[in-house]
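Structure first, then comments.
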Amino acid sequence: QVQLVESGGGLVQAGGSLRLSCAISGSIFRANAMRWYRQVPGKQRELVAGVTSGGSPYYGDSVKGRFTISRDHAKNTVYLQMNSLKPEDTAVYYCNVDLQLYTYWGQGTQVTVSS
(Lines give C-alpha, C1' and ligand atoms only; values in the text may rest on other atoms or scores of the structure.)
Protein backbone atom coordinates (compact mmCIF):
# COMPACT_ATOMS: atom_id res chain seq x y z
CA GLN A 1 0.00 0.00 0.00
CA VAL A 2 1.38 3.37 -1.03
CA GLN A 3 1.88 5.91 1.72
CA LEU A 4 3.42 9.36 1.84
CA VAL A 5 5.36 9.92 5.04
CA GLU A 6 5.86 13.58 5.87
CA SER A 7 8.20 15.05 8.44
CA GLY A 8 9.89 18.30 9.40
CA GLY A 9 7.08 20.56 10.53
CA GLY A 10 7.15 22.46 13.78
CA LEU A 11 7.25 25.83 15.48
CA VAL A 12 9.72 28.48 14.37
CA GLN A 13 10.15 32.21 14.83
CA ALA A 14 9.64 34.62 11.97
CA GLY A 15 12.74 34.76 9.80
CA GLY A 16 13.67 31.20 10.61
CA SER A 17 13.85 28.09 8.46
CA LEU A 18 12.35 24.64 8.28
CA ARG A 19 12.80 21.72 5.92
CA LEU A 20 9.92 19.42 5.10
CA SER A 21 10.36 15.92 3.72
CA CYS A 22 7.91 13.57 2.06
CA ALA A 23 8.94 10.00 1.33
CA ILE A 24 6.95 7.49 -0.69
CA SER A 25 6.68 4.06 0.85
CA GLY A 26 5.12 0.92 -0.56
CA SER A 27 5.96 1.53 -4.22
CA ILE A 28 8.80 0.48 -6.48
CA PHE A 29 7.85 3.04 -9.12
CA ARG A 30 9.36 6.49 -9.45
CA ALA A 31 6.96 9.35 -8.84
CA ASN A 32 6.04 11.73 -11.62
CA ALA A 33 5.15 15.25 -10.48
CA MET A 34 5.55 16.01 -6.78
CA ARG A 35 4.03 19.00 -5.02
CA TRP A 36 3.52 20.73 -1.70
CA TYR A 37 0.23 22.37 -0.76
CA ARG A 38 -0.80 24.18 2.38
CA GLN A 39 -4.09 24.94 4.05
CA VAL A 40 -5.33 27.13 6.88
CA PRO A 41 -8.75 26.67 8.47
CA GLY A 42 -11.52 28.23 6.43
CA LYS A 43 -9.44 28.62 3.29
CA GLN A 44 -8.86 26.54 0.19
CA ARG A 45 -5.78 24.40 -0.13
CA GLU A 46 -3.04 26.44 -1.83
CA LEU A 47 -0.29 25.18 -4.12
CA VAL A 48 3.06 26.12 -2.60
CA ALA A 49 5.53 24.50 -4.96
CA GLY A 50 5.92 21.64 -7.39
CA VAL A 51 8.60 19.78 -9.27
CA THR A 52 8.15 17.87 -12.50
CA SER A 53 9.49 14.38 -13.19
CA GLY A 54 12.33 16.09 -15.06
CA GLY A 55 13.23 18.19 -12.05
CA SER A 56 11.81 21.55 -13.11
CA PRO A 57 10.50 23.49 -10.10
CA TYR A 58 7.66 25.99 -9.92
CA TYR A 59 6.34 28.09 -7.04
CA GLY A 60 3.36 29.98 -5.81
CA ASP A 61 3.83 33.75 -5.88
CA SER A 62 3.77 34.08 -2.09
CA VAL A 63 6.83 31.85 -1.59
CA LYS A 64 9.02 32.69 -4.59
CA GLY A 65 12.54 33.52 -3.52
CA ARG A 66 12.06 32.04 -0.04
CA PHE A 67 11.16 28.37 -0.57
CA THR A 68 13.02 25.74 -2.58
CA ILE A 69 11.58 22.43 -3.69
CA SER A 70 13.82 19.51 -4.59
CA ARG A 71 13.55 15.78 -5.09
CA ASP A 72 15.70 12.70 -4.69
CA HIS A 73 14.76 10.11 -7.31
CA ALA A 74 16.70 7.33 -5.62
CA LYS A 75 14.84 7.88 -2.35
CA ASN A 76 11.53 8.77 -4.03
CA THR A 77 11.42 11.75 -1.72
CA VAL A 78 10.52 15.39 -2.15
CA TYR A 79 11.77 18.22 0.07
CA LEU A 80 10.68 21.76 0.76
CA GLN A 81 13.29 24.10 2.18
CA MET A 82 11.54 27.07 3.71
CA ASN A 83 13.59 30.15 4.55
CA SER A 84 12.68 33.62 5.77
CA LEU A 85 9.47 32.25 7.19
CA LYS A 86 6.62 34.64 7.94
CA PRO A 87 3.63 34.28 10.27
CA GLU A 88 1.40 34.05 7.18
CA ASP A 89 3.21 30.83 6.22
CA THR A 90 1.52 29.16 9.18
CA ALA A 91 -0.55 26.27 7.84
CA VAL A 92 -0.78 22.51 7.52
CA TYR A 93 1.49 21.47 4.68
CA TYR A 94 0.56 18.50 2.51
CA CYS A 95 2.65 16.47 0.13
CA ASN A 96 0.97 15.50 -3.15
CA VAL A 97 2.42 13.00 -5.61
CA ASP A 98 1.48 11.59 -9.01
CA LEU A 99 2.42 7.92 -9.05
CA GLN A 100 1.46 5.70 -11.95
CA LEU A 101 -2.21 6.46 -12.62
CA TYR A 102 -3.02 7.87 -9.20
CA THR A 103 -2.49 10.97 -7.08
CA TYR A 104 -1.67 10.53 -3.42
CA TRP A 105 -1.78 12.90 -0.45
CA GLY A 106 0.28 12.91 2.70
CA GLN A 107 -1.28 13.22 6.13
CA GLY A 108 -0.13 16.80 6.58
CA THR A 109 2.41 18.41 8.86
CA GLN A 110 1.83 21.56 10.89
CA VAL A 111 4.09 24.56 10.37
CA THR A 112 3.66 27.42 12.83
CA VAL A 113 5.59 30.67 12.49
CA SER A 114 5.49 32.99 15.48
CA SER A 115 5.94 36.73 15.16
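A few points about this structure:
- Å² per residue, accessible surface of the chain at 1.4 Å: 53
- Under the criterion of Cα pairs below 8 Å and six or more residues apart, the relative contact order for region 49-115 equals 22 percent.
- Candidate aspartates and glutamates for bridging to Lys75, where Cα separation is under 17 Å - those fewer than 8 sequence places away on the same chain excluded: Glu6, Asp98
- Here the calculated FRET efficiency for Gln13 and Ser56, from their Cβ-Cβ distance with R0 = 35 Å, stands at 0.60, rounded to the nearest 0.05.
- Compactness of region 1-83 is given as radius of gyration and Dmax, 13.2, 39 Å, from Cα positions.
- Proximal aspartates and glutamates relative to Lys64, as straight alpha-carbon distance under 15 Å, when same-chain residues fewer than 8 apart are discounted: Glu46, Glu88, Asp89
- With every protein chain in place, the chain: carbon and sulfur % of accessible area (1.4 Å): 49
The values are calculated or read from the model by the stated rules, or taken from the named source; none is laboratory data. Please read these numbers as outputs of a predicted model, since none were measured by experiment. Here Cβ is always computed from backbone atoms with ideal geometry, including for glycine, and neighbour counts include all displayed protein chains. Surface accessibility is based on the protein's heavy atoms, side chains included, excluding ligands, DNA and RNA. Shrake-Rupley method; radii C 1.70, N 1.55, O 1.52, S 1.80 Å.
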